[in-house]
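The structure appears below as structure tokens.
Each value in this text was obtained by applying a stated rule to the coordinates, not by laboratory testing. Since the structure is predicted, the reported quantities are computational estimates derived from the model, not experimental observations. Quick reminder, even Gly has a Cβ in these numbers, built from the backbone with ideal geometry, and neighbours come from all protein chains shown.
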Amino acid sequence: MIRRIGYILIAALLLTSCGAKKRRTTHRKGAPVISNSENTNTNSREDTKEDDGLYPMPEDTGRFERFPISDTQDYIETFAEIAQYEMRAYGIPASITLAQGILESGSGRGELTLKTNNHFGIKCHTGWQGEFDFHDDDAKGECFRKYNHPMYSFRDHSVFLSTRSRYAFLFNYKRNDYKKWAHGLRQAGYATDRKYPQKLIALIERYDLDKYDEEVVHSGLATVREPKNYEVFTHEVQKGDTLYGISKRYDISVEELRRLNNLNDNIISIGQTLNIRRAQ
């Protein structure tokens, strides 16, 4: 079914088993920051406990991995299985993930994607601690997230949608109802294009992408999560607060707090706003 996914996953296993951790200088807004390379992106294996047992994320070795794509069908065959894994872990239809990837990345061949591995046009936004690059979009020289491996982009897409309150209602839809998801993304403000839902639906139906949703839903290998209502709110850090204390207060794990807020460690500061999410 997938021609190249095997290579991606094998490479992930090999990279995950690498020995020494490298340090490098990452240029961000302000002064350069020295960081452990595996923590540069917030999508590392340690920060995604929800996906335990699904598939390994590659260690960030500091190398920018390139995936040459010939056309849209090649894009689908390369990334469909990753989209299905993300669906199992986060509940976003694989068809939606693939259609957004095709549309936002130009089937993996767009200028932004080629220089950032950003397949979903996700901008930096407040709190982003990873690498970035600038690209003309709605405005000139906008800041976009940059990833050393496409799998980080797919994971960040899942995290991005599942941790922001404006997208919370989407997770009450059936996991294979791609039409509601397409219209819901536009309603939530993911894209400014009024025809965004129609474009996603047209791609899904042209390339039969919904078959990947059905494979996940009807597969005996994994169970799609039942729709949940999530309470999403924020907490402003006060004097004496610790990440551990906040996790106990809101009955959420420290790891989840770090993932929701793109934190590389447990350091927080007074006045900082933290995102909190829990199932009702």
(message) Let's test the formula: R0 of 35 Å, r as the Cβ-Cβ distance of Val254 and His218. What FRET efficiency results, to the nearest 0.05?
(response) 0.45
(request) For a footprinting-style exposure proxy, rank Thr192, Thr78, Thr72, Thr242 by other Cβ within 10 Å, fewest first. (result) Thr192, Thr242, Thr72, Thr78
(message) I need the shape label for the range 71-212. Rule: rounded when a/c is under 1.5, else prolate if a/b > b/c, else oblate, with a, b, c from the alpha carbon gyration tensor.
(response) rounded
(request) First measure r as the distance between the Cβ atoms of Tyr244 and Lys211, then evaluate 1/(1 + (r/R0)^6) with R0 = 45 Å and state the FRET efficiency to the nearest 0.05. (result) 0.50
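Kindly rank 199-208, 178-187 from highest to lowest mean number of other beta carbons found within 10 Å of each residue.
On the way: 199-208: 17.9, 178-187: 19.5.
With the highest mean Cβ count within 10 Å placed first, the list reads 178-187, 199-208.
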(request) Just rank Asp241, Asp133, fewest to most, by other beta-carbon atoms within 10 angstrom. (result) Asp133, Asp241
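Given 0.36 nm per residue, what is the gain on full extension from Arg194 to Val237 after removing their alpha carbon distance, in nm?
On the way: separation 43, 0.36 × 43 = 15.48 nm, distance 3.78 nm.
Residue separation times 0.36 nm, minus the Cα-Cα distance, leaves 11.7 nm.
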